[in-house]
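Taking it in order: structure first as structure tokens, then the write-up.
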Amino acid sequence: MASEDISQLADSLAKTQVGGGELSFKGWGKKLNTAEAAAEIIKQIEEFEGLQALRLEGNTIGVEAAQAIAKCLANKKDLENCHWSDMFTGRLRSEIPPALISLGDAVKNAGAQLKLLDLSDNAFGPDGVSSFETLLKSQACYSLRELRLNNCGMGTGGGKILAAALSECHSKSRALGRPLALKVFIAGRNRLENEGAIALADAFKSIGTLEEVHMPQNGINHEGITALAKAFTDNRRLRVINLNDNTFSEEGAIAMAETLRTLQNIEYINFGDCLVRSKGAQAIAEAVESGLCKLKELNLSFGEIKKDAAIAVAEAVKHKSLLEKIDLNGTCVCVVFVWGARVCVLTPGTSLIVRFPSVPIVDALLQKAFNSSDFQHDIFITALLVYMGLLKSEEKIKAIGNLMEPLMVLNHVVQQTYFPRNLFPILLAFLENCLWDIAMFKFRPNKWVQYLYNNNNAYSNLSHCWDSSKRFIGYTIKWCDCVFCG
């Protein structure tokens with residue numbers, strides 16, 4: 001064997017990860033066309049006792065190689081987790097079905113009981129769904145808990161085939177006294193549209209054990225959304241609903257709001273880019289306010305929500321003790337609130353002209369917060385400084401990349417009567433070290449920083465500092481005339 005071949009083999013072996021019953025070839029980047037090309041993978045699979053998880057992501061596997069790998073899987077009855085995403089890059093679409101059929105038949109013949117099947121990022125289309133349809137209907141999938149089919153190009157036809165396979169799996173497994181108890185379903189970016197969504201909704205209704213549903217970017221409008229909403233009412237354990245970038249419209253949003261009233265385990269809701277509009281947002285706000293005590297994150301961004309509806313949403317979550325984030329960023333609102341008296345910032349990436357409509361919302365929310373007797377000012381200012389990157393946190397919170405947006409908001413906020421004057425010295429103390437960077441922004445901070453100083457009795461002196469080239473580099477702050485500060 002040539003030295004370069006030995007080196008290549010050593011590199012491949014170094015990438016192989018073994019542990020906890022898992023054998024991983026993830027990220028090898030191999031193009032496996034033949035059985036010979038897959039020889040090393042086959043050898044390791046054959047020698048691995050008690051194989052429970054097999055990761056083949058990041059390799060491209062041809063028909064012959066898949067058939068060879070399938071042969072060595074035929075006696076791996078302990079296999080539970082198939083991480084087979086991104087396995088057919090550069091392959092003809094006609095190559096994928098026979099490869100999947102070989103692998104699926106091997107799993108069935110081995111008598112395996114799968115818990116996870118991940119075929120994401122394989123552009124197999126409806127034909128690809130047909131190729132693992134038999135596997136889904138078999139006893140190997142009666143135990144399935146997670147099904148991940150993100151970005152597979154299934155289309156409406158594939159969605160219908162998938163839905164029928166899941167329904168049959170559930171009915172056959174139930175007849176044996178151990179019904180399919182699927183918990184996680186992921187099928188984003190699949191062009192399912194209404195027909196696919198409605199078919200899957202029927203399957204979900206039968207299954208009734210879902211905890212997470214991720215179906216973003218599928219071209220589903222209110223008919224499909226309404227069908228999903230009705231199905232979700234029969235899945236009372238739902239914790240996560242991600243339908244980002246589908247078209248709810250008001251009708252779909254109202255239907256989903258009615259469903260949310262029945263789901264008390266919900267933690268994460270992502271209806272961003274869903275065009276819920278103000279009426280839909282108002283309905284969702286009412287549903288959230290009436291329950292959902294476990295809610296941690298709510299995303300209604302870019303939904304054409306106007307001020308009154310946005311404030312209603314914010315009001316609806318104000319007593320949710322576990323809430324971490326509410327996202328109302330978008331055309332009409334343009335603001336993200338990280339809750340729990342933490343921070344109020346604008347996300348980067350949109351024009352300053354678009355951002356200014358968010359000022360009334362900031363005023364409304366902060367005024368409400370600061371006027372509340374249980375609002376903790378110290379937690380608010382600490383979190384604000386942490387997210388601005390001016391104060392380190394033991395929680396390793398990542399600071400925002402650009403201070404322009406929060407400083408623009410502060411420019412307005414500190415000059416309002418509701419903003420506590422006792423926070424001025426803290427802001428000044430921390431901002432002193434970054435004022436050189438602030439001075440580089442297009443807007444001028446001097447005016448509002450001077451406003452902080454003029455309205456802060458804790459400081460007796462604030463003077464400009466200049467470098468040798470007469471450039472402004474910051475402020476020198478004199479706290480008082482004591483021996484320590486003088």
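Figures for the structure shown
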{"read-out": "Sole residue being surrounded by 18 or more Cβ atoms within 10 Å (Cβ to Cβ), closer than 18 Å to PHE204 by Cβ and touching a Phe, Trp or Tyr at 6+ places or on another chain (Cβ under 8 Å), chosen from ASN218, ASN235", "value": "ASN235"}
{"read-out": "Single unsatisfied condition, ARG55 versus (1) of a type outside the set (A, V, I, L, M, F, W, C); (2) crowded, with 21+ Cβ neighbours inside 10 Å; (3) more than 20 Å from LYS26 (Cβ to Cβ)", "value": "(3)"}
{"read-out": "Where a residue in the range 381-404 is touching a residue at least 40 places away in the same chain (Cβ under 8 Å) and its partner, wherever it lies, is in a helix (DSSP H, G or I) and of a type in the set (A, V, I, L, M, F, W, C), with Cβ under 6 Å and at least six apart", "value": "ILE381/LEU423; ILE381/ILE426; LEU385/PHE430; LEU390/PHE430"}
{"read-out": "Residue selected from the range 53-75 under the condition among the polar types (S, T, N, Q) and modelled with pLDDT of 95 or more, by the criterion nearest to the chain's Cα centre (by Cα)", "value": "ASN59"}
{"read-out": "The range 16-59, residues that are assigned to a strand (DSSP E or B) and either closer than 22 Å to ALA140 by Cβ or in contact with an Asp or Glu (Cβ under 6 Å, 6 or more places away or on another chain) (or both)", "value": "GLU22, LEU23, SER24, ALA53, LEU54, ARG55"}
{"read-out": "Single match in LYS230, LYS205 (criterion: assigned by TED's automatic domain parsing to the domain that holds LEU322 and touching a residue at least 24 places away in the same chain (Cβ under 8 Å))", "value": "LYS230"}
{"read-out": "Filter result (buried (at least 23 other Cβ atoms within 10 Å of the Cβ) and outside any loop (DSSP other than H, G, I, E, B)) within the range 148-160", "value": "GLY158, GLY159"}
{"read-out": "Exclusive hit being modelled with pLDDT of 50 or more, under 30 Å from ALA314 (Cα atoms) and surrounded by 12 or more Cβ atoms within 10 Å (Cβ to Cβ), set ALA399, ALA429", "value": "ALA399"}
{"read-out": "Filtered residues of the range 91-127 (kept if part of a helix (DSSP H, G or I), small (Gly, Ala, Ser) and modelled with pLDDT of 95 or more)", "value": "ALA99, SER102, GLY104, ALA106, ALA110"}
{"read-out": "Test for ASP78: is it more than 18 Å from CYS169 (Cβ to Cβ) and under 31 Å from the mean Cα position of the chain (by Cα)", "value": "no"}
{"read-out": "Residue list for the range 201-257, filter: among the charged types (D, E, K, R) and assigned to a strand (DSSP E or B)", "value": "GLU212"}
{"read-out": "For PRO216: the one exception among (1) under 25 Å from LEU180 (Cβ atoms); (2) assigned by TED's automatic domain parsing to the domain that holds LYS320", "value": "(2)"}
{"read-out": "Hits in the range 80-114 - residues which are farther than 15 Å from GLY58 by Cα, surrounded by fewer than 22 Cβ atoms within 10 Å (Cβ to Cβ) and touching a Ser or Thr at 6+ places or on another chain (Cβ under 6 Å)", "value": "PRO97, ILE101, LYS108, GLN113"}
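The values are calculated or read from the model by the stated rules, or taken from the named source; none is laboratory data. Small disclaimer: the values here were computed from a predicted structure and weren't measured. So basically every Cβ, Gly included, is an ideal-geometry build from the backbone, and we count neighbours across all protein chains shown.
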